[in-house]
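The values are calculated or read from the model by the stated rules, or taken from the named source; none is laboratory data. Only a predicted model underlies this, so the values are computations on that prediction, with no experimental measurement involved. Glycine gets a Cβ as well: all are built from the backbone with ideal geometry, and neighbour counts include every protein chain shown.
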Amino acid sequence: MAQQLLEVTNLYTQFFTRDGVVRAVDGVTFEVAAGETLGIVGESGCGKSVTALSLMRLIPQPPGKIVKGSIMFDGADVLKMDDDEVRSIRGNNIAMIFQDPMTSLNPVLTISRQISEALELHLKMDKSEARKRTIELLDLVNIPSAKKRVDDYPHQFSGGMRQRVMIAMALSCNPKLILADEPTTALDVTIQAQILDLLKNLAREFRTAFILITHDLGVVAGMTQRIHVMYGGKIVEKADTAELFANPKMPYTWGLLRSIPRLDERRKAKLVPIEGLPPDLIAPPPGCRFEPRCQYRRDICKEKEPELEHIPNSKPDHEARCWGTQQGGWLVDTDWHKEVGDTRVIEEIKQEIAQLPPEPKPGDIPPPPVAM
Amino acid sequence: MAVNTPTKPADPDFVRIRSTATFDSGKNLLDVKALKMHFPLTQGIIFQRQVGAVRAVDGIDFFVEKSETLGLVGESGCGKSTTGRAILQLYKPTAGEVKFDGVELTKLGGEQMRKMRRRMQMIFQDPYASLNPRMTVGNIIGEPLEVHNLASGKEKTERVQELLRVVGLNPYFTNRYPHEFSGGQRQRIGIARALAVEPEFIVCDEPISALDVSIQAQVINLLEELQDRFKLTYLFIAHDLSVVRHISDRVAVMYLGKIVELADRVDLYERPLHPYSQALLSAVPIPDPAIESKRKRIILTGDVPSPVNPPSGCRFHTRCWKAQQICSEVDPEFIEHETRHWAACHFPGA
């Protein structure tokens, strides 16, 4: 295996609340090589943002706590560092781009103050040097007339421009790794296209490693080399990008791909939603976390939790956390393409499930009504 | 069946015979003409002088046929939500006509308008903000019934339970409070409230934007089921073009207070005439790495200009790659370039 820049092993982050322990990140293992772009995909509450915050040791404590695991960054364990050492890494070696550019910039400081702060602190630049570098950075992220705008306040910038400022700030110390947490979610489509274009060019130019966290499968498709799908605090499927979209194996990934209408496909008569709700992370299901919503579940799914394992007949690094996709499982040879949008097949599966011995349904949500 | 191959969407399920309805055809449920909604900007502490106006909606024309869905797309700040609210007379429009089933709404008095509202309802974007946290679900859904004197007492309770069943919730949830529900369930409560008065027309203002990916499809399917069942007419406001394509029969594209294109869904998505529509469509990321790597994006430069001081001539000319002299001088008219395909551009087409 090539030299990894970041190796996260068995990371557990939990929040101790009055209602109980929220197991937000529950045993996550992954690695990122230098210069690589990794996508982490999942719904809100699946633990993807908490994973990113854990890497930076930015979990508010209390109530949060990284309970166990290790985060090896460039050969050193971030979790064993004292506060000063972590501070010297934050912004310097690992930088972060947050979702909401409206709230993540300080409204009472000028843009130049906010960017040069990191430069002066980490790179020991003096004021004029830092200012010069700030202007260069703003130029780099395509902010027009950077020289004039450097002394403006965040409210004088539009949403897209603020996100560019955030990116400039993240790039300021030439970090080896940038965590982008939903960098385009708050932006309009045309602005999103601009920002994604910019990020792609920067990743290529500076050979910076990126972790791109998003709920939008469209965004990761064009940006990343590898993708991890998260659900209920765990990684449920990992594969390289082409493989994941061509040959997804985990029913949750199918559900995600199916439930969104796509511009490049013929319009479906009906969308195929994932029924039910995401799991409660205080009391997650005992077996597979996706089991209560899974159309393909069997008895074993409810009893025992599957491990992340390699899927037979797929690329070597393609793994899934699913009983059905393991050696001899019932989903190994299922061709999911056949079922995309094909309600007939879904009906067949529903009947198949109906014929299985009945099991008590969790929660008190009745099925949607049949049209009269 | 290789559904995921990048073929041109032929949309074979499009069997609906294209209606010939057009402006003032007599078949329309809603006719909007030259609608303007300006919000005054004032200055001064005691004597407020008007120093300008936010031209949120600045002269738009469109129509909605009975039991169809018109999608209204555009970026944030383009005036699509304002349009929805101005139609329902939640804002008093600055100028223009809004004809609902032949009745001119802008001229109605308070009591008459209140009666009309029974026929037109709204579903809001944020299911967390649009439900009163201190009211039980039963009261939230029952309130419109009382306001319009449709039901009370036991009848009301029964009707509320029936509505909960219709939107796929447990009828015995009536005594619960909104905070006990997830986002998707709350949106269902909002839908039940809108359905309570048996309206004909519903303005859906970004009803799924605040929901998780896996929940969005549930709500879209519900809206479609309800439309079939109750013969509803929707004005579906959204910024997500793939969702709008899925749910709409016709689509209107808005930019900076104007409708720049209005067409049948298939026409708009296969042959967009206005450069802004073309740019919007090309900006949507597609969840397929093979397609993404080959796609040519039209990347628009700059941001949407301010609606306080919109550009002269065509409002899109500051970001348009086709712009010529005339575009900055003359505001293009909204004309029917192809059959039932309107656009406001001096140089429409590819």
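Checked against the criteria, residue A:54 counts as more than 14 Å from chain B (Cβ to nearest Cβ) and of a type outside the set (A, V, I, L, M).
Of all residues in region B:235-246, at least one satisfies being crowded, with 23+ Cβ neighbours inside 10 Å, over 30 Å from residue A:45 (Cβ atoms) and more than 10 Å from chain A (Cβ to nearest Cβ).
Of the helices (runs of 4 or more DSSP H) lying entirely inside region A:90-189, those containing at least 2 residues that are in contact with a helix residue (DSSP H, G or I) (Cβ under 7 Å, 6 or more places away or on another chain) and closer than 25 Å to residue B:75 by Cα span A:159-171.
Going through (1) crowded, with 20+ Cβ neighbours inside 10 Å; (2) within 11 Å of chain B (Cβ to nearest Cβ) one by one, residue A:198 falls short only on (1). For region B:271-295, the candidate set comprises residues that are over 27 Å from residue A:254 (Cα atoms) and surrounded by fewer than 20 Cβ atoms within 10 Å (Cβ to Cβ); within that set, the residue that is farthest from the other protein chains (Cβ to nearest Cβ) is B:271.
Residues considered: A:50, A:28. Of these, the only one that is assigned to a strand (DSSP E or B) and of a type in the set (A, V, I, L, M) is A:28. Can you tell me how many residues in region A:235-267 are touching an Asp or Glu at 6+ places or on another chain (Cβ under 7 Å), surrounded by fewer than 24 Cβ atoms within 10 Å (Cβ to Cβ) and farther than 27 Å from residue A:199 by Cα? Residues that pass the stated criteria total 2. Which count do you get for residues in region B:290-306 that are within 24 Å of the chain's Cα centre (by Cα) and over 22 Å from residue A:143 (Cα atoms)? Count: 0. In this structure, does residue A:155 turn out to be under 18 Å from residue A:93 (Cα atoms), surrounded by fewer than 20 Cβ atoms within 10 Å (Cβ to Cβ) and over 26 Å from the mean Cα position of the chain (by Cα)? Against the criterion (under 18 Å from residue A:93 (Cα atoms), surrounded by fewer than 20 Cβ atoms within 10 Å (Cβ to Cβ) and over 26 Å from the mean Cα position of the chain (by Cα)), residue A:155 does not qualify.
In region B:107-135, which residues are crowded, with 16+ Cβ neighbours inside 10 Å and hydroxyl-bearing (Ser, Thr, Tyr)? Result: B:130, single match.
Please note which helices (runs of 4 or more DSSP H) are completely contained in region B:135-227 and include at least 1 residues that are in contact (Cβ under 8 Å) with a residue 24 or more places away in the chain and within 12 Å of chain A (Cβ to nearest Cβ). Show your work before the answer.
Numbers: elements: B:137-147, B:153-166, B:183-195.
Here the list reads B:153-166, B:183-195.
Here residue B:265 passes the criteria (1) within 9 Å of another protein chain (Cβ to nearest Cβ); (2) buried (at least 21 other Cβ atoms within 10 Å of the Cβ); (3) free of Cβ contacts under 8 Å to residues at least 60 places away in the same chain except the one numbered (3).
What number of residues within region B:283-325 satisfy the criterion of being part of a loop (DSSP other than H, G, I, E, B) and of a type in the set (Gly, Ala, Ser)? Counting residues in region B:283-325 that are part of a loop (DSSP other than H, G, I, E, B) and of a type in the set (Gly, Ala, Ser) gives 5.
In region A:268-284, the residue that is farthest from the other protein chains (Cβ to nearest Cβ) out of those that are closer than 16 Å to residue A:47 by Cα, surrounded by 15 or more Cβ atoms within 10 Å (Cβ to Cβ) and touching a residue at least 60 places away in the same chain (Cβ under 8 Å) is A:284. Per the conditions (1) under 30 Å from residue A:247 (Cα atoms); (2) outside any loop (DSSP other than H, G, I, E, B); (3) touching a residue at least 12 places away in the same chain (Cβ under 8 Å); (4) not β-branched (Val, Ile, Thr), the sole criterion not satisfied by residue B:328 is (1). Within the option set A:213, A:191, being within 12 Å of chain B (Cβ to nearest Cβ) and either in contact with a His (Cβ under 7 Å, 6 or more places away or on another chain) or of a type outside the set (Gly, Ala, Ser) (or both) holds for one residue only, A:191.
The rows are residues; the columns are (1) touching a strand residue (DSSP E or B) at 6+ places or on another chain (Cβ under 9 Å); (2) surrounded by fewer than 16 Cβ atoms within 10 Å (Cβ to Cβ).
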{"site": "A:37", "(1), (2)": "yes, no"}
{"site": "A:47", "(1), (2)": "yes, no"}
{"site": "A:52", "(1), (2)": "yes, no"}
{"site": "A:57", "(1), (2)": "yes, no"}
{"site": "A:77", "(1), (2)": "yes, yes"}
{"site": "A:88", "(1), (2)": "no, yes"}
{"site": "A:98", "(1), (2)": "yes, no"}
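Entry remark, region A:220-239: residues being in contact (Cβ under 8 Å) with a residue 40 or more places away in the chain and at the interface with chain B (Cβ under 9 Å from one of its Cβ atoms) number 3 in total. Tallying residues that are under 19 Å from residue B:310 (Cβ atoms) and either more than 15 Å from the chain's Cα centre (by Cα) or not in a strand (DSSP E or B) (or both) within region B:261-279 yields 5.
Reported count of residues in region B:65-122, each being over 29 Å from residue B:188 (Cα atoms), in contact (Cβ under 8 Å) with a residue 40 or more places away in the chain and hydrophobic (A, V, I, L, M, F, W, C), is 1. Could you please find all residues in region A:243-254 being under 17 Å from the mean Cα position of the chain (by Cα) and within 9 Å of chain B (Cβ to nearest Cβ)? Within region A:243-254, A:244, A:245, A:252 meet the criteria.
Within region A:139-150, residues that are in the same structural domain as residue A:198 (by TED's automatic domain parsing) have Cβ atoms under 7 Å from residues that are among the polar types (S, T, N, Q) in these pairs: A:150/A:112; A:150/A:134, counting only partners at least 6 apart in sequence or on another chain.
Every listed requirement among (1) under 15 Å from the mean Cα position of the chain (by Cα); (2) farther than 18 Å from residue B:116 by Cα is met by residue B:88 save one, (2). All of (1) within 12 Å of another protein chain (Cβ to nearest Cβ); (2) out of contact with any strand residue (DSSP E or B) (no Cβ under 8 Å at 6 or more places or on another chain) hold for residue A:156 with one exception: (1).
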